[in-house]
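One structure below.
Laboratory data are not the source of any read-out in this text; all were calculated from the coordinates shown. As the structure is a prediction and not an experimental result, all values here were calculated from the model. In this analysis, Cβ positions are derived from the backbone assuming ideal geometry, glycine residues included, and neighbour counts consider all displayed protein chains.
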Amino acid sequence: MRKISLLNFKGGVAKSTTAINLGHALALEGKNILLVDCDLQANTSTFLPEPHKPTLTHVLREQARPLDAIANARANLDILPADGDLDKAARYIASEGHQAYYILQRAMKELERLGAYDFVFFDHSPSYSAVSQAALLASDEMLIPCELGSFSIEGLLQMFEKLQQTLTNHTLAMTGILPTKLNTSIAMHKSYVQDLQETFSGQVLPPIRQDAEIGKAQSYHQSIYEYNPRSRAAEDYKTLAHMLLKAQVTA
């Protein structure tokens, strides 16, 4: 079971978009997928047919078992949803001390023993909190969606420095840095991708192209594969899914 954090300390970089569409791409390949929504905005949770309780808040406050909080969204794809009280979970973890930060890690070990999932994706909030740290400690890898811009590299370097300071006894492998919203008609976008490749050699994944169909799909609480499976974004997320599957087989 691969446990991957979708992480960036900047908002609007397509973390939730990637969680939903990459998750669904892998589910359509027959893999069992769990999305863990770690953001109180709960964007990933809107992919559920209807609101579900208990939520991640209850799991982190030790008021519910993970299996009771998981809801089915699509064939082969489940979600452990968030709610607007996730900040209370962050305060609970901080007040309870060291062991509380490992609640999610213990939950993932239980799911792994059951053989329930092939991939777990943690959709992070842009703000670092005790919930973020608990999700990172439950992860083995990190996938970094990155919107192309003039300060993207500086932001990533600052984020990696923060992770080094806080995750002193936990190492995360780099699944890759994922450029998102690439507009091939904008010359600077190509330059930004090149800068990322030069700075993070061998760690930059094929970009996800800008696609208005993504926003339309989200307005209907659908993945791109339900709204327009022939779109650019659908093709790009499918390519990324196949890369993850290939890496899984190689490992």
Inset, instruction - Would you please give the residues with an amide H less than 5 Å from that of D78, counting only those at least 5 places away or on a separate chain, with H modeled from the backbone geometry? - result: I33, L34, L35, A73
Inset, instruction - Under a cut-off of 17 Å between alpha-carbon atoms, report the lysines in cross-link reach of K181, not counting same-chain residues fewer than 8 places apart. - result: K10, K15, K190, K216, K238
Inset, instruction - Report the label-to-label distance for Q105 and H170 in nanometres (one decimal), using points 7 Å from each Cα along the Cα→Cβ vector. - result: 0.6 nm
Inset, instruction - Pick out the long, greasy-scoring helices in the chain: whole DSSP H runs spanning 18 Å or more along their own axis by Cα, mean Kyte-Doolittle at least 0.5. - result: 15-28
Inset, instruction - Go ahead and run the numbers for FRET between A75 and N183, Cβ-Cβ distance against an R0 of 25 Å, rounding to 0.05. - result: 0.15
